[in-house]
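K.L.:
Please find one structure pasted underneath; my questions will follow.
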Amino acid sequence: MTNPTEPKKVATREAYGEALVEAGGARPDIVVLDADLSASTRTQLFAEKYPDRFFNMGIAEANMIGVAAGLAAAGKIPFASTFAVFAPGRVYDQIRLSVAYPRLGVKIASTHAGLTVGEDGASHQSLEDLALARVLPNMTVIVPADGAETRAAVFAAIEHEGPVYLRLGRVPVPAIYPPDKRFTVGRYDMLKEGRDVALVACGLMVEVCLQAAVTLAAEDILAGVVNASTVKPLDEETLTYVASRAGAVVTAEEHSVLGGLGGAVTEFLSGIHPVPVVRVGVDDRFGQSGRPGELLEAYGLTASRVADAARKAVALKKGR
Amino acid sequence: MSTASVDALQRTAAIVRRRIVEMIGRAGSGHPGGSLSAADILTALYFHVLRLDPENPGWPERDRFVLSKGHAAPALYAALAERGFFPVSELDRLRRLGSPLQGHPDMKSLPGVEASTGSLGQGLSFAVGLALAARLDKASWRVYVMLGDGEIQEGQVWEAAMAASHHGLDNLTAYLDYNGLQIDGPVEEVMSISPVADKWRAFGWNVIEVDGHDISAILRATRDARETKGRPTIIVARTVKGRGVSFMEGKHGWHGKAPNEEQLKQALEELDGLASALAAEDGRPGAAGEDGEGTSG
Ligand SMILES: Cc1ncc(C[n+]2csc(CCOP(=O)(O)OP(=O)(O)O)c2C)c(N)n1
Ligand SMILES: [Mg+2]
């Protein structure tokens, strides 16, 4: 739940770098790979502490993933980091064949996902990575919402057998959880119960949905908020519960509306408990340069757009 | 090429450098180091080598330049603006929402940009495609491409290198901006690319090594490349990352960081000093001033 005593914003990539250092002490089998972005992905922190277990592979992401797979096959727990646009984007088949197919425990932790990359623009803004990652058999896909959840997810990824894609952001985000937050793969937190509509979100859109729920409450629309931080496997139990309770769902993600969390939730609910699902995300187009906040506004990733979507979902429910 | 015109190119390069630093400073983000190291080569290309028509950027017979190391977009934008593809005032909109001057080059948003780049390692393949098309059409236009030295760690670069020599693409010339640095440090420490000239030779390329800040050497090598038949040429250009701004030179920390206000002021002073020194050598008024410093300062 929201913790007002912890107002400091932390980027999930920063929490990732710190968690690697923390985990690396007790686990000598953890190794970290990067592709000339260690300052940005924050794996630099691990590199400074454990230089022998850090491999900078240069600007060669495909090779990095292949090498990580070999390390995993020989008993290591490799974390391979670059920007999300490059992994899974650039190295999809290397992930598919060398990691997912043999179900090797490579943890692909990619930062700078989504629009909030900002000024670097479309070439660097991955809006497709959740879609790419989640259709791979054996892959687990995690999008933490804040620093504490990131830390917990890193520890969960270490314990989890098999491949994990961990999607991290560039910009600092507000804390949603206390620092000792625990994480279970495939289990969602109900941050708020709500009778009229369920807002199902991941990443920085969780906080945005919490804000939208406040707006909606003023109109007597009671919105539940679910942190769907495991995009694969879905927490089917929680999704079924909120869909049947509220009868209307909104999904929200810093990703294309195609194929990501919204796609996954829609696919699941349509076959088991069909209710209106309105997806908030980036329409089928590329990003562009701009300041992160400006871009979220311009592409409709705001509390007011989530509230609009919630009103629409409620109307659809009533219209049936 | 006469010394007078080389002097003029050097003055233009000083203006290009000034524009680079200024636009990145204004934008508050961007990549000064690799833009400055590339400035002399880009100036030589856009003001002497490339057959272009800024009035008609889509002219089918134009030469094509692909900036494979797309993060050096400010150098490309400065050269294009100075060459008249769009007003210099547009440079102020670098990296702004809705601007055609995207953080990395977008061929669909800005006239004169020949390839969308920014994900490293892809530009040489694109250039091979252009060169194959020119040959199929029996066209006389040529293809030029610039690569970073960190960038050539990408395997795709070597796939493209193999294809270019396999097809004997003598209408293709590459420049390697051999500044010795990438983001995480010196290229030789992060992931060695040595011996770089031998690698390209082994892939069937004609290799010419030059000082990448010596414009007459760049032009000579480019002419030799044009005259080399049956294989592509790479001009391995030794450069200094951040060239022209004392506190950026040779520092990998200036790869992707904008100068603050004070640093910007110092950088512009240094570059203006360089421009007037070049102009004085040539007995003409300060190049930057000549170019309307009032509107851009
Ligand atoms: C495929 C890919 N991986 C990583 C990056 C991030 N990146 C941008 S610039 C850069 C370093 C480039 O070094 P170099 O090619 O030497 O360029 P220069 O020194 O000329 O700036 C990196 C790793 C990228 N743009 N594309
Ligand atoms: Mg370099």
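K.L.:
Given axes a ≥ b ≥ c from the Cα gyration tensor, I'd like to know whether the stretch A:10-173 is rounded (a/c under 1.5), prolate (a/b larger than b/c) or oblate.
P.N.:
Numbers: a/c = 1.34, a/b = 1.08, b/c = 1.24.
Rounded, because the longest to shortest axis ratio a/c is under 1.5.
K.L.:
On to the next question. Hey, fewest Cβ within 10 Å first, where do B:Ser246, A:Ser304 land in order?
P.N.:
Working: B:Ser246 10, A:Ser304 13.
Taking fewest neighbouring Cβ atoms as first place, the list is B:Ser246, A:Ser304.
K.L.:
Over what distance in Å are the Cα centres of the stretch A:143-209 and the stretch B:49-99 separated?
P.N.:
For the stretch A:143-209 versus the stretch B:49-99, the Cα centre distance is 43 Å.
K.L.:
Can I ask one more? If you keep only loop residues by DSSP, which trypsin sites (Lys or Arg not before Pro) in the stretch B:126-179 have at most 14 other Cβ atoms within 10 Å of their Cβ?
P.N.:
B:Lys138
K.L.:
What does the C-alpha gyration tensor say about the overall shape of the stretch B:186-250? Classify as rounded when a/c is under 1.5, otherwise prolate if a/b is larger than b/c, or oblate.
P.N.:
Oblate, since a/c reaches 1.5 and b/c is not below a/b.
K.L.:
Can you tell me what share of the DSSP beta bridges in the stretch A:10-173 is antiparallel? A percent to the nearest 5 is fine.
P.N.:
10 percent
K.L.:
With springs only between Cα atoms under 10 Å, which of B:Met162, B:Met146, B:Met191 fluctuates most in a Gaussian network model of chain B?
P.N.:
B:Met191
K.L.:
Once the dipole of the protein assembly as shown is set up with Lys and Arg at +1 and Asp and Glu at -1 on Cβ about the Cα centre, which of B:Ile183, A:Thr150, A:Val99 lies farthest towards its positive end?
P.N.:
A:Val99
K.L.:
If we count every other residue with Cβ under 9 angstrom of A:Leu130's Cβ, Lys/Arg +1 and Asp/Glu -1, where does the sum land?
P.N.:
On the way: positive: A:Arg134, A:Arg167, A:Lys232; negative: A:Glu128, A:Asp129, A:Glu253.
Computed value for this residue: 0.
K.L.:
Could I ask something else about it? Could you estimate the translational diffusion coefficient of the stretch A:189-318 from the Stokes-Einstein equation, with Rh from the Kirkwood formula over C-alpha pairs, at 37 °C and 0.692 mPa s, in whole µm²/s?
P.N.:
The estimated diffusion coefficient comes to 230 µm²/s.
K.L.:
To continue, here is another question. By how many degrees, 0 to 90 and rounded to 10, does the Cα axis of helix B:123-136 deviate from the longest principal axis of chain B?
P.N.:
For helix B:123-136, the angle is close to 60 degrees.
K.L.:
Continuing with the same structure: So how tilted is helix A:303-319 from the main axis of chain A? Cα-based, degrees 0 to 90, rounded to 10.
P.N.:
For A:303-319 against chain A, the angle is about 50 degrees.
K.L.:
Within the P(r) computed for chain A, what percentage of the Cα pairs occupies the region above 27 Å?
P.N.:
Tail of P(r) above 27 Å: 38 percent of Cα pairs.
K.L.:
Return one number: the angle in degrees, 0 to 90 and rounded to the nearest 10, between the long axis of the Cα atoms of helix A:12-26 and the longest principal axis of the Cα atoms of chain A.
P.N.:
Tilt relative to chain A: about 50 degrees.
K.L.:
Based solely on its DSSP helices, what 222 nm [θ] is calculated for chain A when runs of n ≥ 4 H residues each add -39,500 (n - 2.57) and the sum is averaged over all residues, nearest 500 deg cm²/dmol?
P.N.:
That comes out to -11000 deg cm²/dmol.
K.L.:
Return a whole-number percent for the relative contact order of the stretch A:189-318, with Cα pairs under 8 Å and 6 or more residues apart as the contact set. Don't jump to the answer; show the numbers that get you there.
P.N.:
Numbers: 240 pairs, mean separation 37.5, N = 130.
Relative contact order, the stretch A:189-318: 29 percent.
K.L.:
On to the next question. Which GluC sites (Glu not before Pro) does the stretch A:136-215 hold that lie in a coil by DSSP with at most 14 other beta carbons within 10 Å?
P.N.:
Of the GluC sites (Glu not before Pro), the ones in loops of the stretch A:136-215 whose Cβ has at most 14 other Cβ atoms within 10 Å are A:Glu161, A:Glu193.
K.L.:
For the protein assembly as shown, with only Lys/Arg (+1) and Asp/Glu (-1) charged at the beta-carbon, what is the dipole magnitude about the Cα centre, in debye rounded to 20? Before the final figure, lay out the partial values.
P.N.:
Working: 63 positive and 76 negative charges, 260 e Å.
For this selection, approximately 1240 debye.
K.L.:
What is the average number of partner chain Cβ atoms found within 10 Å of a Cβ in A:52-58?
P.N.:
Mean partner-chain Cβ count within 10 Å for A:52-58: 3.
K.L.:
Determine the sum of side-chain charges near B:Thr233: Lys and Arg each +1, Asp and Glu each -1, restricted to other residues whose C-beta is under 10 angstrom from that of B:Thr233.
P.N.:
-1
K.L.:
Then there's this: Of B:Ala38, B:Ala131, B:Ala202, which has the largest mean-square fluctuation in a 10 Å C-alpha GNM of chain B?
P.N.:
Of B:Ala38, B:Ala131, B:Ala202, the Gaussian network model singles out B:Ala202 as fluctuating most.
K.L.:
Starting with the highest mean, order B:110-118, A:9-17, A:78-86, A:96-104 by the number of other Cβ atoms within 10 Å, averaged over the residues of each peptide. The partial results should precede the final answer.
P.N.:
Values: B:110-118: 21.4, A:9-17: 23.1, A:78-86: 28.0, A:96-104: 18.6.
Most protected by this proxy first, the peptides run A:78-86, A:9-17, B:110-118, A:96-104.
K.L.:
Still on this structure, please answer the following. Dipole of the stretch A:10-173, Cα-centred, from +1 at each Lys and Arg C-beta and -1 at each Asp and Glu C-beta, to the nearest 20 debye?
P.N.:
Here the stretch A:10-173 has a charge dipole of around 300 debye.
Throughout, read-outs are computed from the coordinates displayed, never taken from laboratory work. Worth saying up front: this structure is predicted, and the values here are computed from it rather than measured. All Cβ positions, even for glycine, are placed from backbone atoms using ideal geometry, and neighbour counts span all protein chains on display.
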